Amino acid sequence: MKKTLPNYRPLQLPCEGKEITIRVTTPSLTGRAGEGLSHFPMYLTTRITQFDLAAALATVSEQRREYAMRYHQEHDRRLSVAAYQLLQQALREEYDINEAPWFDFGKHGKPILRDHPDIHFSLSHCRYAAACAVDNQPVGIDVESLDNYDPSLLPATMNEAEQAEIHRSPNPSITFLRLWTMKESYLKTTGEGIANDMRTVLTNPSFHPQRYQFHTTIYPQFVCTLCKQN
């Protein structure tokens, strides 16, 4: 029996080319308005080239500093540090935690806050932005650049129905990345990581749409989807 894809509501939030840092309290998109709705915070920044990288590296944990410096390109280092600093901001504002967090890692590499394993978080970055989500329940976030769209990837990443939806779309890159970020944010939420068969992530028997909330936001240069377990 074919499963119904989870609800989503793409939102157009143009940034008009300006660099931004925002905290968004996102409404869940399951259920009727006013019934069973919850909110959870998402932090996002496009200020990737503006900050002092050396000063920022001094504020993160030694673990994250070493991780960021493994990247060869400065821009990638900036993205890694920016995502971590969003987590620091989220922990300060949502949980009154001020120390720089260290990570442990689950079976499939999902990061866990070493000193606060009951707080769930997820980090993501693309060329143009870094993002973070935190919650008391498992959560995942994925942000992808719109210029990453490659039609040749469709057969390996999307099932037939999803491919047909993308081909019908007036904006194939947005539709593709909306579906891709839904899949990746879901896999981050469950801790599975990238699946062997990305085509079936949202339709296989282990996926139960009623157990998850999705929130997709479309920006001029990227798409961001947040997934939370109910």
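The values are calculated or read from the model by the stated rules, or taken from the named source; none is laboratory data. On a predicted model such as this, the values are computed, not experimentally measured, just so you know. Neighbour counts run over all protein chains shown; Cβ positions are idealised from the backbone, glycine included.
Observations on the model:
- The number of residues in region 146-182 being out of contact with any Lys or Arg (no Cβ under 9 Å at 6 or more places or on another chain) and charged (D, E, K, R) comes to 4.
- Condition check for residue 108: at pLDDT below 90 and surrounded by fewer than 16 Cβ atoms within 10 Å (Cβ to Cβ): yes
- Residue 65 of a type in the set (Lys, Arg), touching a helix residue (DSSP H, G or I) at 6+ places or on another chain (Cβ under 6 Å) and not in a loop (DSSP other than H, G, I, E, B): yes
- Some residue of region 204-212 being out of contact with any helix residue (DSSP H, G or I) (no Cβ under 6 Å at 6 or more places or on another chain), under 22 Å from residue 125 (Cβ atoms), surrounded by 18 or more Cβ atoms within 10 Å (Cβ to Cβ) and touching a residue at least 60 places away in the same chain (Cβ under 8 Å): no
- Filter result for the condition that a residue is of a type in the set (Val, Ile, Thr) and touching a residue at least 12 places away in the same chain (Cβ under 8 Å), over 181, 175: 181
- Of the residues making up region 87-114, those that are among the charged types (D, E, K, R) and in a helix (DSSP H, G or I) are 92, 93, 94.
- Strands (runs of 3 or more DSSP E) enclosed by region 115-175 - at least 3 residues per element that are modelled with pLDDT of 95 or more, surrounded by fewer than 17 Cβ atoms within 10 Å (Cβ to Cβ) and in contact with a Ser or Thr (Cβ under 6 Å, 6 or more places away or on another chain): none
- Pairs where the first residue, in region 82-98, is without any contact (Cβ under 8 Å) to a residue 24 or more places away in the chain and the second is charged (D, E, K, R) and assigned to a helix (DSSP H, G or I), C-beta under 7 Å, 6+ apart: 98/92
- Number of positions in region 50-64 that are free of Cβ contacts under 8 Å to residues at least 12 places away in the same chain and either surrounded by 14 or more Cβ atoms within 10 Å (Cβ to Cβ) or farther than 21 Å from residue 92 by Cβ (or both): 1
- Selection status of residue 55, of a type outside the set (Ser, Thr, Tyr), at pLDDT 95 or above, in contact with a strand residue (DSSP E or B) (Cβ under 6 Å, 6 or more places away or on another chain) and outside any strand (DSSP E or B): no
- Hits in region 193-203 - residues which are surrounded by fewer than 18 Cβ atoms within 10 Å (Cβ to Cβ), more than 13 Å from the chain's Cα centre (by Cα) and in contact (Cβ under 8 Å) with a residue 40 or more places away in the chain: 200, 203
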